[in-house]
Amino acid sequence: MYPVVEDILTRNGHDPTRLMMILREVQAVFGWVSPDTITQIAAAVNRPRAAVQSTVEFYTFFNAEPVGHYRVLFSDNITDRMLGSLALRDRLCAAFAVRPGEVSADGLVSVDRTSCTGLCDQGPAALVNTRAMPNLSPERIDAMAALIRDRRPVAEWPADWFDVHENIRRRDKLLGHGLTPGAPIKAALDRGPEGVLAELSRAALRGRGGAGFGTETKWRICRDAPGYAHYVVANADEGEPGTFKDRVLLASCPDLVFDGLVIAGLVTGARKGMVYLRGEYAFLYPRLTELLAQRRRAGLLGNNIMGVGFTFDIEVHLGAGAYICGEESALIESLEGKPGKPRIRPPYPVTQGFLGQPTAVNNVETLALAALITTHGGDWLKDRGTPTSVGTTMLSVSGDVERPGIYEYPYGVRIHEVLDAAGATDTQAVQIAVGAGKCLVDTEFERRIAMEDASTTGSFMVFDRTRDLFEVAANFVEFFAHESCGFCTACRVGTTVNKRLMDKIAAGQGSPQDIEEMQRMHRHMQGASHCGLGSTATMALRDILNKFRPAFERRLLSTDFEPAFDLDAELSEARDLTGRDDALAHLAPAHARR
Ligand SMILES: Cc1cc2nc3c(=O)[nH]c(=O)nc-3n(C[C@H](O)[C@H](O)[C@H](O)COP(=O)(O)O)c2cc1C
Ligand code: SF4
């Protein structure tokens, strides 16, 4: 029994729905979540021990085994790779004679990769003991290695190493809103719940989280669903590679998002709102919680909001590194302290969500827009966008551009306009969605960003003609193989087989049959998966394959079929025994072994 764990449990009210936060705190103290602490926590929150253990094991940022005192995770998005992240990782590994994924012999350091950290506009980036560190360089890696050798606590490292910039390059109606905190709540109280719903309907507001579901409809269904309590949630999980607009919104206009959540509570009858903030954005947590305290003092949250007797409060919950937790039912599981596995639907969360009660989950940008529409009325956004996609959209621009960052544009903006504004030259391709897989080539740069044309949840990754689109596809394939939650066979097996096939082609052992096998895998996974990840996981690969087939074919050194047997990996034991790891001790080329 550890007194420090008991303190943490007491502060969190022994509440199983606070399990993710409890585990984070325990890990911050011990560096990992040991079997003893799992036993203690499980007893205190009244959950089976195995349930708590499975939560610990599900999330990338929880350590069920001891890791290095300093755990450095390099962001593995393709844009970070383009900026040299793998070489920086290897440099740090070399400084401590440690291999990626292993703990150094003295237990001091472990170095590994993690999925996109949402800092693509200021990569290469890493997380050091969960703290985000952008703009890495060889010099900074060397300085970091020296601090680690001196065992200097991360809190004492130069503060400017952790500065994350907003990089807002273009503002439109959302980012230039100019409202004071609480003004949208006042407007909502004046209009009343039905009045708010009428304005959302007039504005034709569709969710910005991916599915484009009507916000008025979602809030109405939630309000009308029976339950002993209703809940509203801001989905700030933002794990889609190349997307960082929700981070910038929460940094630049958090009050607008909070106002949107309060209005969602007023309309649906919820008394509690939650922000599910991805673990990679933990650096925003102190500021957001401080702002919530200020809002309570200002009467914008709590028991008597604006003196009208309306009760509503907001909590921020941190995730722990799992892309699938952006899917709303997985997110709710995570909020309940469980592994983030999507639920079988129906019932949908909007009628049976958090703790089985009606729950409206909305994207951060949707909530900010709902607050603006409530204030200005449903026609306010109509002078922006297209007839089908009303308003503006926030694009997270990264990759081969002079000016990466956030660009807010009216829907309908053409791809080449964004490229010109961001200073892109000699562009070969623009990836605007990884999940739904849209890779646009130069003949498509006249297309418009809009739900009815080139739709994106914000990602806008630019690749110039020096880039190898095979590497881009391989990065996405690896991402999905890592992020599949493993619940259903089609997704678990399909994403893994695709990764093996891509590795095989990269190793120079591929044949045309492997490409055909990937196409077959795509067909199998359509409709055979339980959630949106499985059915969209192969889309990016297929789009790149269709448009950049030569990038794959020039790697097919063999026209005959070769089995997906990795001889080089099988020889690793022999290499260990002989103490060799030089180039000549390998059968596969270096790029295939990364
Ligand atoms: C695999 C997967 C990941 C998702 N990730 C996110 C996310 O990071 N943020 C988000 O708002 N919605 C995400 N969604 C969509 C949510 O499930 C949900 O539709 C959304 O939060 C609803 O908000 P909206 O109505 O405001 O769009 C994801 C969906 C899937 C299938
Ligand atoms: S489709 Fe994939 S991510 Fe979704 S539930 Fe199935 S295994 Fe999990």
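The values are calculated or read from the model by the stated rules, or taken from the named source; none is laboratory data. Keep in mind the model is a prediction, meaning the values are calculated, not measured. Here Cβ is always computed from backbone atoms with ideal geometry, including for glycine, and neighbour counts include all displayed protein chains. For the accessible areas, the whole protein counts, side chains as well, though only heavy atoms, and no ligand, DNA or RNA atoms are used. Shrake-Rupley method; radii C 1.70, N 1.55, O 1.52, S 1.80 Å.
Remarks
- Residue in segment 150-163 that is among the charged types (D, E, K, R) and surrounded by 15 or more Cβ atoms within 10 Å (Cβ to Cβ) present: no
- Residues of segment 426-436 satisfying the condition of being touching a helix residue (DSSP H, G or I) at 6+ places or on another chain (Cβ under 8 Å) and open to solvent by 10 Å² or more (accessible area, probe 1.4 Å): THR427, GLN428, ALA436
- Any hit, segment 343-360, residues being within 16 Å of ligand 2 (Cβ to nearest atom), in contact (Cβ under 8 Å) with a residue 12 or more places away in the chain, open to solvent by 20 Å² or more (accessible area, probe 1.4 Å) and within 21 Å of PRO241 (Cβ to Cβ): no
- No other residue among ASP7, ASP80 is of a type in the set (Asp, Glu), at pLDDT 95 or above and open to solvent by less than 50 Å² (accessible area, probe 1.4 Å) apart from ASP80.
- Those residues of segment 323-342 which are more than 16 Å from ligand 2 (Cβ to nearest atom) and among the basic types (Lys, Arg), in sequence order: none
- Residue within segment 251-258 that is of a type in the set (Ser, Thr, Tyr), part of a helix (DSSP H, G or I) and out of contact with any Leu (no Cβ under 6 Å at 6 or more places or on another chain) present: yes
- Tabulated pairs, segment 199-213, first more than 13 Å from GLY532 (Cβ to Cβ), second acidic (Asp, Glu), C-beta under 6 angstrom, 6+ apart or interchain: LEU200/GLU216; SER201/GLU216; ARG208/GLU365
- ASN303 open to solvent by 20 Å² or more (accessible area, probe 1.4 Å) and under 20 Å from the mean Cα position of the chain (by Cα): no
- Scanning segment 192-204 for residues that are open to solvent by 10 Å² or more (accessible area, probe 1.4 Å) and either of a type in the set (A, V, I, L, M, F, W, C) or assigned to a loop (DSSP other than H, G, I, E, B) (or both) turns up ALA198, ALA204.
- Of the residues making up segment 439-454, those that are open to solvent by 40 Å² or more (accessible area, probe 1.4 Å) and more than 16 Å from ligand 1 (Cβ to nearest atom) number 7.
- Verdict on ILE515 being in contact with a Ser or Thr (Cβ under 9 Å, 6 or more places away or on another chain), more than 14 Å from ligand 2 (Cβ to nearest atom) and closer than 15 Å to ARG555 by Cα: no
- Residue within segment 84-99 that is closer than 13 Å to GLU280 by Cβ, among the polar types (S, T, N, Q) and modelled with pLDDT of 95 or more present: no
- Checking each residue in segment 491-527 for being within 16 Å of ligand 1 (Cβ to nearest atom) and under 17 Å from GLY437 (Cβ atoms) picks out CYS491, GLY494, THR495, MET525, GLN526, GLY527.
- Considering segment 262-358, the qualifying strands (runs of 3 or more DSSP E), each wholly inside and each with 3 or more residues that are under 28 Å from GLY212 (Cβ atoms) and touching a helix residue (DSSP H, G or I) at 6+ places or on another chain (Cβ under 7 Å), run over 272-277, 310-318.
- Within segment 423-449, the only residue that satisfies the criterion of being of a type in the set (Gly, Ala, Ser), modelled with pLDDT of 95 or more and on the phi > 0 side of the Ramachandran plot is GLY423.
- Of the criteria (1) at pLDDT below 95; (2) surrounded by fewer than 17 Cβ atoms within 10 Å (Cβ to Cβ), which one GLY210 fails: (2)
- In segment 32-46, the residues that are part of a helix (DSSP H, G or I), of a type outside the set (S, T, N, Q) and open to solvent by 10 Å² or more (accessible area, probe 1.4 Å): PRO35, ASP36, ALA43, ALA44
- Test set (1) open to solvent by 30 Å² or more (accessible area, probe 1.4 Å); (2) over 24 Å from the mean Cα position of the chain (by Cα) - GLY423 fails condition number: (1)
- Looking across segment 455-477 at every residue that is surrounded by fewer than 20 Cβ atoms within 10 Å (Cβ to Cβ) and outside any loop (DSSP other than H, G, I, E, B), the one that is nearest to ligand 2 (Cβ to nearest atom) is identified as GLU471.
- Qualifying residue in segment 545-553 (condition: among the aliphatic types (A, V, I, L, M), in a helix (DSSP H, G or I) and modelled with pLDDT of 90 or more): yes
- Against the list (1) surrounded by fewer than 24 Cβ atoms within 10 Å (Cβ to Cβ); (2) assigned to a strand (DSSP E or B); (3) not polar (S, T, N, Q), the condition HIS416 fails is (2).
- Residue in segment 234-281 that is nearest to ligand 2 (Cβ to nearest atom), counting only those that are farther than 16 Å from THR393 by Cα and basic (Lys, Arg): ARG278
- Residue-level check: of (1) of a type in the set (A, V, I, L, M); (2) within 15 Å of ligand 1 (Cβ to nearest atom); (3) not in a helix (DSSP H, G or I), ILE406 misses just (2).
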